Amino acid sequence: MTGRLGQAVPLPGRLVRTARLTLAPPGRENLPDLARLKGDPRVFEFMLHGVRTPERARDELEDDIAFWEVRGYGTWCVFLTETGDFLGIAGLMERPDGRGVALRFALWPECRGKGYAREAGLAALDFGHRAGLNRIIAVAWVENLASRQVLLDIGMVECDAFSRPDRRMVVYESRRG
């Protein structure tokens, strides 16, 4: 865990605070932390498209910034409010396979077992539903029991499954109201 919160001023209405976390839309100042996170196989090995190069992380950051501007929601950088430490990412993205807007989260391994993914995931779901999204999905590798448990714990329900060439995926959903 490296970077600190407060290096940039997030746009009003996009900053989310929970009991322990601050979720802030990413800015270019977050690139070093995002490149380290996305380049770490302990974090991104099982994410869609896998571990990223620094160049790909930079391109994704530019896409995330633009997505926020167009949609008014997106992926946040997650910080521990008390210390300002960068914990990872959580938020909402449009899945490239057309399945819809999906919840995603990826936190440093040192964050596991502390409830941060649940807290950030629930905050992202709430934000998305308040922003008018009627249905939000999440996709997890069938063997990723920890992520699947987080999705169940925050109220998402299993609704579908599909196979990729290298693994079976489970789809969860959350519906507004």
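The values are calculated or read from the model by the stated rules, or taken from the named source; none is laboratory data. In this text, all values refer to a predicted model and were calculated from it rather than measured experimentally. Please note: Cβ atoms are built from the backbone with ideal geometry, for glycine as well, and neighbour counts cover all protein chains shown.
Just a yes or no: is a residue in region 152-165 of a type in the set (A, V, I, L, M) and closer than 18 Å to Gly50 by Cβ? Scanning region 152-165, I find no residue that is of a type in the set (A, V, I, L, M) and closer than 18 Å to Gly50 by Cβ, so the answer is no. Residues in region 46-70 that are in contact (Cβ under 8 Å) with a residue 12 or more places away in the chain and closer than 22 Å to Phe127 by Cα: Glu60, Leu61, Asp64, Ile65, Phe67, Trp68.
A quick yes/no check of all residues on (1) of a type in the set (A, V, I, L, M); (2) closer than 14 Å to Val43 by Cα; (3) modelled with pLDDT of 95 or more:
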| site | (1), (2), (3) |
| --- | --- |
| Trp76 | no, no, yes |
| Ala90 | yes, yes, yes |
| Ala102 | yes, no, yes |
| Ala117 | yes, yes, yes |
| Leu122 | yes, no, yes |
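Listed by position, the strands (runs of 3 or more DSSP E) contained in region 101-177 that have at least 2 residues being closer than 22 Å to Leu80 by Cβ are 101-107. Select from region 129-177 the residues that are over 26 Å from Pro109 (Cβ atoms) and exposed (fewer than 13 other Cβ atoms within 10 Å of the Cβ) and list them in ascending order. Selection gives Arg130, Gly132, Asn134, Val157, Asp160, Ala161, Phe162, Ser163, Pro165, Gly177.
I'd like to know if region 95-108 contains one or more residues that are more than 16 Å from the chain's Cα centre (by Cα), within 21 Å of Ala57 (Cα to Cα) and surrounded by 13 or more Cβ atoms within 10 Å (Cβ to Cβ). No, every residue in region 95-108 fails to be more than 16 Å from the chain's Cα centre (by Cα), within 21 Å of Ala57 (Cα to Cα) and surrounded by 13 or more Cβ atoms within 10 Å (Cβ to Cβ).
Go through region 23-77 and tell me which helices (runs of 4 or more DSSP H), entirely inside it, have 2 or more residues that are in contact with a His (Cβ under 6 Å, 6 or more places away or on another chain).
Working: elements: 31-38, 41-44, 54-71.
In region 23-77, no matching helices (runs of 4 or more DSSP H) lie anywhere.
Which of the following residues is closer than 24 Å to Asp166 by Cβ, surrounded by fewer than 16 Cβ atoms within 10 Å (Cβ to Cβ) and not aliphatic (A, V, I, L, M): Pro41, Pro54, Pro32? Walk me through how you get there before you give the answer.
Numbers: Pro54 fails: closer than 24 Å to Asp166 by Cβ; Pro32 fails: closer than 24 Å to Asp166 by Cβ.
Of Pro41, Pro54, Pro32, the one residue that is closer than 24 Å to Asp166 by Cβ, surrounded by fewer than 16 Cβ atoms within 10 Å (Cβ to Cβ) and not aliphatic (A, V, I, L, M) is Pro41.
If you go through region 146-168 and keep only what is under 17 Å from the mean Cα position of the chain (by Cα) and of a type outside the set (Val, Ile, Thr), you end up with Ala146, Ser147, Arg148, Gln149, Leu151, Leu152, Asp153, Gly155, Met156.
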